[in-house]
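S.K.: Pasting a structure here, questions to come.
The values are calculated or read from the model by the stated rules, or taken from the named source; none is laboratory data. Keep in mind that this is a model prediction, so the values were computed, not measured. Cβ atoms come from the backbone with ideal geometry, glycine included; neighbour counts cover every protein chain shown. Surface accessibility is based on the protein's heavy atoms, side chains included, excluding ligands, DNA and RNA. Shrake-Rupley method; radii C 1.70, N 1.55, O 1.52, S 1.80 Å.
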Amino acid sequence: ADQRETQKLLQAALKVLSDFYGKQGAPASFVQKQEPAGPPPPAGFDTYKKNSASGGVMSLLQQIISDAKAMEADAIRSEEDAQKAHEDFVKGTNASVEAKSKDIVNKSEEKA
């Protein structure tokens with residue numbers, strides 16, 4: 001249930017952001033443009049450039065949504081497995097109790 005709520009919330013946030021930034025024609029990566037403050041960097045420093053693996057806020061939200069879906073599927077699968085294990089345990093226990101009860105009845109009849 002928590003993962004479903006997370007997905008709903010993130011989908012709504014993604015829609016709001018895509019609506020807002022899609023209208024302005026701005027790239028979805030939310031790049032901030034700032035003029036460098038202060039003096040230039042000392043010698044030996046490389047110039048700053050954006051991480052090429054970065055996809056921006058929109059792709060980050062998409063990734064979180066897909067992770068939440070995977071976690072939900074995993075939780076459902078685990079819950080089903082646990083339910084099956086519990087049912088098997090109950091069947092085994094009931095069979096054992098029934099067998100022991102019959103054994104008690106048989107031994108009681110033998111004594112009599």
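S.K.: Looking at region 66-80, I want the residues that are at pLDDT 90 or above and have a partner that is in a helix (DSSP H, G or I) and exposed (fewer than 14 other Cβ atoms within 10 Å of the Cβ) with Cβ atoms under 8 Å, at least 6 apart or on another chain. Which pairs are those?
M.R.: Within 8 Å, the pairs are Glu72/Arg4.
S.K.: Only one of these conditions is not met by Pro40: (1) part of a loop (DSSP other than H, G, I, E, B); (2) at pLDDT 95 or above. Which number is it?
M.R.: With respect to (1) part of a loop (DSSP other than H, G, I, E, B); (2) at pLDDT 95 or above, Pro40 is out only on (2).
S.K.: Where residues in region 82-112 are open to solvent by 100 Å² or more (accessible area, probe 1.4 Å) and of a type in the set (Asp, Glu), which of them is modelled with the highest pLDDT?
M.R.: Filtering first and then ranking leaves Glu98.
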